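Peer 1: Got a structure here, written out as structure tokens. Questions coming.
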Amino acid sequence: MITPRNIFRHELIGLSVRIARSVHRDIQGISGRVVDETRNTLKIELEDGREITVPKGTAVFHFRTPEGEVVEIDGGALVARPEERIKKKFRKP
């Protein structure tokens, strides 16, 4: 079960996401569903079907868990391959 405390240890693909803040002002406020993840980027499918690639390290994301909770995560904490993020140690929020 994905909770705000363990979201780092789970797959992000399939979760709803909104870009809360970003260095790149033109992507700020965009929302959609995560369809792919690499070490440095998230690929987000927008509501109109287009896909955009967003750098993780330059944005703050709001992820919605399957239970409906919204979790704010600094993208810098997500910069790693998904399989390596499991091994990473995080300070408790």
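Peer 1: Taking θ as phi - 60°, what are the ³J(HN,Hα) couplings along region 51-56 by the Karplus curve (6.51, -1.76, 1.60), each to the nearest whole Hz, with x for Gly and Pro?
Peer 2: Going residue by residue, I get 10, 10, 10, 10, x, 5 Hz, with x marking Gly and Pro.
Peer 1: Follow-up. Accessible area of the chain with a 1.4 Å probe: how many percent of it is carbon plus sulfur?
Peer 2: 48
Peer 1: Hey, another quick one. Test of understanding: what is the full-extension gain from residue 84 to residue 16, defined as 0.36 nm times their sequence separation minus their Cα-Cα distance? Walk me through the intermediate numbers first.
Peer 2: Values: separation 68, 0.36 × 68 = 24.48 nm, distance 2.18 nm.
My answer for the length gained is 22.3 nm.
Peer 1: Once you order the gyration tensor axes a ≥ b ≥ c over the Cα atoms, which shape class does region 11-93 get: rounded for a/c under 1.5, otherwise prolate or oblate by comparing a/b with b/c? Can you show the working numbers first?
Peer 2: Details: a/c = 1.43, a/b = 1.35, b/c = 1.06.
Cα axes put region 11-93 in the rounded bin.
Peer 1: When the chain is modelled as a GNM with alpha-carbon springs shorter than 10 Å, which of 55, 82, 66 fluctuates the most?
Peer 2: The residue that fluctuates most here is 66.
Peer 1: Another one. If you count only protein heavy atoms with a 1.4 Å probe, what accessible area per residue comes out for the chain, rounded to a whole Å²?
Peer 2: Averaged over the residues of the chain, the accessible area is 62 Å².
Peer 1: Restricting to Cα pairs below 8 Å that are 6+ residues apart, what does the relative contact order work out to for the chain? Please round to a whole percent.
Peer 2: Details: 176 pairs, mean separation 25.8, N = 93.
Taking the mean separation of contacting Cα pairs over the length of the chain, I get 28 percent.
Peer 1: Sticking with this structure for a sec: What residues have an amide H closer than 5 Å to that of residue 36, excluding those fewer than 5 places away on the same chain, when H is modeled at 1.01 Å from N in the peptide plane?
Peer 2: 43
Peer 1: Hey, another quick one. Residue 60 to residue 33: FRET efficiency via 1/(1 + (r/R0)^6), r the Cβ-Cβ distance, R0 22 Å, to the nearest 0.05?
Peer 2: With R0 = 22 Å, the Cβ-Cβ based efficiency is 0.75.
Peer 1: If you filter region 19-64 for trypsin sites (Lys or Arg not before Pro), then keep DSSP loop positions with at most 11 other Cβ within 10 Å, what is left? Intermediate values should be presented prior to the final figure.
Peer 2: Working: sites: 21, 25, 33, 39, 43, 50, 56, 64; in loops: 39, 50.
Taking region 19-64 and a limit of 11 other Cβ atoms within 10 Å, the loop trypsin sites (Lys or Arg not before Pro) found are 50.
Peer 1: Would you kindly find the accessible area of residue 83, with a 1.4 Å probe and non-protein molecules such as ligands, DNA and RNA excluded, rounding to the nearest 10 Å²?
Peer 2: Probe radius 1.4 Å; accessible area of residue 83 about 110 Å².
The values are calculated or read from the model by the stated rules, or taken from the named source; none is laboratory data. Only a predicted model underlies this, so the values are computations on that prediction, with no experimental measurement involved. As a convention, Cβ positions derive from the backbone with ideal geometry for all residues, glycine included, and neighbour counts pool all protein chains shown. Keep in mind that these areas ignore ligands, DNA and RNA; they rest on the heavy atoms of the full protein, side chains included. Shrake-Rupley method; radii C 1.70, N 1.55, O 1.52, S 1.80 Å.
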